[in-house]
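Encoded as structure tokens, the structure appears first; notes follow it.
The values are calculated or read from the model by the stated rules, or taken from the named source; none is laboratory data. In this text, all values refer to a predicted model and were calculated from it rather than measured experimentally. Every residue, glycine among them, receives a Cβ derived from its backbone with ideal geometry; neighbour counts consider all protein chains shown. Note: areas computed on protein heavy atoms with side chains; ligands, DNA, RNA excluded. Shrake-Rupley method; radii C 1.70, N 1.55, O 1.52, S 1.80 Å.
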Amino acid sequence: MRDAVQTTPRSDSMTHPSPLMTQPSPLMTQPSPEAFAASRQPSDGSARSRTMSMASTIAPDRTMSVQSQATQSSSGQTTLVARDSQRKVPVVYPALLSLVAEIFREKISLGERQKNGLSYQNAFSGTDSVDLIGSIIRTNDRNLALLLGRALDAQKFFHDVTYDHRLRDAPGEVYQFKETMGEEKSTADVNGVFTLLTECYSPTCNRDQLCYSIACPRRLEQQARLNIKPQPVLGAGDVTTAPPDDDDDTDNQKLWISTVPKEVSDSVDDREKKRQEIIFELMYTERDFVKDLEYLRDFWMRPLRAAGTTTHSPIPEHRREKFIRTVFGNCLEVLKVNSALCEALNARQKENAVVQTIGDIVCQHVPNFDPFIKYGANQLYGKYEFEKEKASNPAFAKFVEDTERLKESRKLELNGYLTKPTTRLARYPLLLEGVLKTTADSNTDKEDIPKAIKLIKDFLSRVNAESGKAENHFNLVQLNAALKFNTADYVDLKLTEENRQMLMKMAFKKTTADSSDVTAYLFDHAVLLVRVKVVNKREEVRVYRKPIPLELLVIAQMEEVIPRLGIAKRPSSSLLSNKAVINNPPPAKDGGLPITFRHLGKGGYEQTLYATNSATRRKFIEAVEQQQEKLWERNSNFYNKTILSEGFFAAVNRINCLVPIDGGRKLVYGTDNGIFVSERWPKDKSAKPKKVLEATQVTQIDTLEEYQLLLVLANKTLSSYPMDALDISEGQNTMAKRPKKIQGHANFFKAGIGLGRHLVCSVKTSALSSTIKVYEPMDNLAKGKKKSAVSKMFQSGQDTLKPFKEYYIPAESSSIHFLRSTLCVGCARGFEVVSLETTETQSLLDQADTSLDFVARKENVKPIHIERMNGEFLLNYSDFSFFVNRNGWRARPDWKIAWEGNPNAFALSYPYILAFEPNFVEIRHVETSELTHLMTGKNIRMLHSSTREIIYAYEDDHGYDTVASLDFWTNKPQQHV
């Protein structure tokens, strides 16, 4: 093991440690934190100097704090300057690497990091890791934290993204955890004792006496306290000084100046020397890169294929080629491109010891770098297949172990070679920019190199984009395969769709006292809550609660955590009633911060989880809000919304119904306290609706404009008025304002055309039966008659409607629709078809069609609306919608909508079907059944629907009704009806 000098291993795979740092065996068996806490209490000096170990003298650091620095006294003896105040106790016992690794993985902040123009996901910087390790072991000594970090690095707990070097304390160095590729992501494979931070094993050791053990961690402190000059343990001749354990400096850098005669190097100035060194570095690193690709070809791909040889490949033949293509991608295409570049650079170097130009060569070969893009996109899949095969195929694992031990492997694992193509592409701009800075203005490279750099950076951005898409898709595919749903909560999240995105993954606590995590995944369309369990060393991702579409998600603390300034409102803010806000769970007493997920609609729920800190909670809530706003903006550009009335109708006078008249230029409102009229486009913008008729509890309004009749259902009494009654002018005849009663005890009515006649159906319904009375206008109410003639009829007391027929249905009815010669009645038995001629009744659905059994099996489902489309019927229930043909058999068997809410009204504006429920309007595409948009609101009511527009009302924040019109004429496809 590379850093054996820092750790005492507990496994046979690690080499022998240095005797200077090793203690005898009592601490080699890792105790639990509880056992450690219950053991012998350390002395005061030990407690204060836990992190002031021999590491401070081995690797002094410029950032070492004053309490861990050693100062020289006048007598030449070392005096330790220590602060007597009580030091903080480490988070875990710092000598046990497995405990440090566990806390490190839990607390390190992962995110997107960039290095040399390449983006790396779920990564962290070297500085961040050293900072975190220092806080875990409670030290300001960054060298000590770095040594401990390298002990973790040496066990492949994490690695440099380029696999080039060990942990460095630098912000520009980027690291990732070891890929476990779907297996348990634990720290079980991290093992060992960091002896610099152990307690002395001797029970008699204390701060005031010199310990007999030469490896005692307190020895320096004891010698300083007792004013004893440190004595060498061994004779100077007996110790062979080992080189520093840093792989970063083991490679001697090749220099141009050492490869050319002295007279050549003396013939150029210092700036040109620097330029030649960078050009030389570009050339020899290109040769090394080509050799690395040839190594992959000769020592991995060819033996795995075992083509034309007696060697047996460890990969079964039926999947051998696919495996090689997946793991190594198109690296041979990259080899072909870079071999040509390498040959051209070598030829240029042979022409002259002082290379004048390289820009022309680079410009010639860089346009052929397309294979880098394909390789970068495939890289993650390659690593996954490699790790999976190694874990499941012992023969392949043996092949990997033997190959990585070859001299040609240079002690670098395969993953290190697989990353070289992408890291090499990122290296080109750095080298070329260095050449450019030292190039004279008269040199043609001044023009060529910037062109090449621009091309390479374009390739880099494309590699980042494609690899980002590939990584996102890979993670989604893995998650989709691992998800375990409860039967009742199953939802097809469509995670494998091409443009699906995983935006964030964050862990929350079920309760502040519960250590188990609930992981929240934020996708571009939904939030998923899962719990991860380890079964047979494999992660099983079990869905915790039903996934929440973002349009149906309300986070109760959103206004509290990120309050919205000004008058701008969130799309879902109107769903938070005052009662809901008051009932928000308070912050937990022990510091837990609640985040409450509210799933609106049918099967909705409320789930409170707890974030460990406010930054985590804020980050997640902000990400949800941003994505909800993106969805709103993206999905709301296909319709026009026009406000028709606002700030007038209050809670004591709600709007229940509405009908446009006069070609849509006027609106008639039916409210709790009367009938009002307003101009749609008034000259006076401040004009408000005016009350024209006295009535209470108006629930329905309709017009027969051909007969100048206004039909009103108020207090369950169906009446008619002349249209003159809606005139706002003064001095109107009061007789015209008097209603003409048609029927009492009516629950609802419907006007339409059947058998070629204008008919009005009045429905009286109870829990067990419904009576439908059909009326038609009087014969003397001929079309086109003047308004005055209708008014005279009202004044004379004549009836305006006469009975046509009467029907009886033994079930409670809720809706009625005209279908040429029949009526379609929505009742407790489903949709019933009633003949207007014979009064015969039959079910719309043919019971012989077993594919419709789901309708009968579903209890309490309510038939609400029917639409005719292309000779088919779209049946809309409170739970679902589907198509049937003229014979009542299922049409479009793969088409079905399961409504998210509990709609009580529907409207069709092709190609969209709208479902209205009190909290939101669900808009779906009628051909694909996909959810297109969801408009949230409070106390939503559908008022009117026509081919021109859909009018609905909702309650604003101040309790007033707002009436709005929706039309879909923006890029509206031709309607197929």
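In whole percent, what relative contact order does region 389-512 give with Cα contacts below 8 Å and a gap of six or more residues? Numbers along the way, then the final one.
Values: 46 pairs, mean separation 17.1, N = 124.
Once divided by the residue count of region 389-512, the mean separation gives 14 percent.
Report the one residue of VAL532, TYR521, LEU476 whose Cα lies farthest in the direction of the positive end of the charge dipole of region 456-534 (charges on C-beta: Lys and Arg +1, Asp and Glu -1; origin at the Cα centre).
Positive-most Cα among the choices belongs to VAL532.
Over all directions, how big on average is the projection of the convex hull of the alpha-carbon atoms in region 327-381, in square nanometres? List each step's numbers first, then the result.
Values: hull surface 16.8 nm².
Computing the convex hull of the Cα atoms and averaging its projections yields 4.2 nm².
Quick one: what Rg and Dmax do you get for region 650-778 from the alpha carbons, in Å?
Answer for region 650-778, Rg first and Dmax second: 15.2, 51 Å.
Which length gain, in nm to one decimal place, applies between GLN114 and ARG325 when the Cα-Cα distance is subtracted from 0.36 nm times their residue separation? Walk me through the numbers before you get to the answer.
Working: separation 211, 0.36 × 211 = 75.96 nm, distance 2.77 nm.
Gain on extension, GLN114 to ARG325, equals 73.2 nm.
About the Cα centre of region 288-431, how large is the charge dipole given +1 on each Lys and Arg Cβ and -1 on each Asp and Glu Cβ? Please answer in debye to the nearest 20. Before the final figure, lay out each step's value.
On the way: 23 positive and 19 negative charges, 43 e Å.
Here region 288-431 has a charge dipole of around 200 debye.
What is the dipole size for region 591-724, taken about its Cα centre, with +1 at each Lys and Arg Cβ and -1 at each Asp and Glu Cβ, in debye to the nearest 20?
Numbers: 18 positive and 15 negative charges, 110 e Å.
The dipole magnitude comes to about 540 debye.
If I stretch the segment between ASP684 and GLU930 completely, what's the gain in nm (0.36 nm per residue apart, minus their alpha carbon distance), one decimal? Mind dumping the intermediate values first?
Values: separation 246, 0.36 × 246 = 88.56 nm, distance 4.24 nm.
Contour length minus the Cα-Cα distance gives 84.3 nm.
Rounded to the nearest 20 Debye, what is the dipole magnitude of region 680-778 about its Cα centre when Lys and Arg each give +1 and Asp and Glu each give -1 at the C-beta?
Details: 15 positive and 9 negative charges, 63 e Å.
Approximately 300 debye in magnitude.
Could you report region 305-368's accessible area per residue, 1.4 Å probe, as an integer in Å²?
Working: 3460 Å² over 64 residues.
Here the per-residue accessible area is 54 Å².
If I take R0 = 45 Å and measure r between the Cβ atoms of LYS602 and THR127 in this structure, what FRET efficiency does the formula 1/(1 + (r/R0)^6) give, to the nearest 0.05?
Computed FRET efficiency for LYS602 and THR127 comes out at 0.35.
Quick one: what does P(r) look like for region 331-420 with 10 Å bins over all Cα pairs, in whole %?
14, 31, 29, 19, 8, 1
Per 0.36 nm of contour for each residue apart, how much would the distance between ASN227 and THR444 grow if the chain were fully extended, relative to their Cα-Cα spacing?
Net length gain for the segment: 71.2 nm.
Once R0 is set to 35 Å, what does the formula 1/(1 + (r/R0)^6) return for the Cβ-Cβ distance between GLU560 and ALA465, expressed as a FRET efficiency to the nearest 0.05?
On the way: r = 37 Å, r/R0 = 1.05.
Computed FRET efficiency for GLU560 and ALA465: 0.40.
Within region 737-763, whose backbone N sits under 18 Å from a point 7 Å along Cα→Cβ of ASN715?
Within reach of a label on ASN715: 737-748.
In nm, to one decimal, how far is the modelled label at THR487 from the one at ASN206, with both set 7 Å along Cα→Cβ?
Using points 7 Å along Cα→Cβ, the separation is 7.0 nm.
For the pair ASN885 and ILE214, how long in nm is the line joining their label points, each one 7 Å along Cα→Cβ?
Taking the simple label geometry, ASN885 and ILE214 are separated by 9.7 nm.
Just to verify a number: FRET efficiency for THR850 and ALA767, C-beta to C-beta distance, R0 = 30 Å, to 0.05?
On the way: r = 30 Å, r/R0 = 1.00.
Taking R0 as 30 Å, the efficiency between THR850 and ALA767 is 0.50.
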